[in-house]
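Below is one structure; the comments refer to it alone.
Just so it is clear, none of the values below were taken in a lab; they were calculated from the coordinates. Keep in mind it's a predicted model, so treat the numbers as computed, not measured. Here Cβ is always computed from backbone atoms with ideal geometry, including for glycine, and neighbour counts include all displayed protein chains.
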């Protein structure tokens, strides 16, 4: 006795059967909906539309009705100098100080030498002759420090140029501290003296040593 085997035609599905593609499609749709819900939950514009006052807008919060508030005592605005005396401005009253308002030390000169090489030599050159690397690349040549005009300007004016810039030179106020600016001024004077010193600038001991060294070599006589 034989029994026919139970089977389904290819076009028929057994009860509860689901194709793999249908399951993936359903989960993909669910994931998209959940993602959209999560994104929508984070779409707040509270920071963009926060309560704030525009410049000079009236305010009901303060008793004087103004939203613009005066600075608190002791506040130092960004970009202002540290002091308003000769050290901070290079001036006493309306006149530039003639000499350094800080103590001249070997440490200050060494610092000025370092800062000068970093910030100044690209334009002014190592000796301050105005022959820096940027000039070789076609930029405007700055004046040499070794002219009577620049040797005669007061120290405070050199400090002011570093602070505020002059002509094609930009302000270095944000890059160089007040003390380092004075250090650079001191080193600039050293460079100028190195190219224009005379025997009379030396002490008697230095003049004697110089004469001894010259007798032992072929060095050219110094300027009188």
Expressed as a whole-number percentage, the relative contact order of region 86-194 with C-alpha contacts under 8 angstrom and at least six residues apart is 35
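Hey, what's the Cα Rg ratio for region 86-194 versus the globular rule of thumb, 2.2 N^0.38 Å? Intermediate results must be reported in sequence, preceding the final value.
Values: Rg = 13.1 Å, N = 109, 2.2 N^0.38 = 13.1 Å.
So region 86-194 has a normalised radius of gyration of 1.00.
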Taking a crude spin-label model, label points 7 Å out from Cα along the C-beta direction, the residue 76 to residue 118 distance in nm is 1.9
In whole angstrom, largest first, the equivalent ellipsoid semi-axes that the Cα gyration tensor gives for region 148-193 are 18, 13, 8
Given 142-148, 128-134, the highest-first ranking by average Cβ count within 10 Å works out to 128-134, 142-148
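In whole Å and largest first, what semi-axes does the C-alpha gyration tensor of region 124-180 yield when each eigenvalue is scaled by 5 and square-rooted?
On the way: eigenvalues 75, 50, 20 Å².
In descending order the semi-axes read 19, 16, 10 Å.
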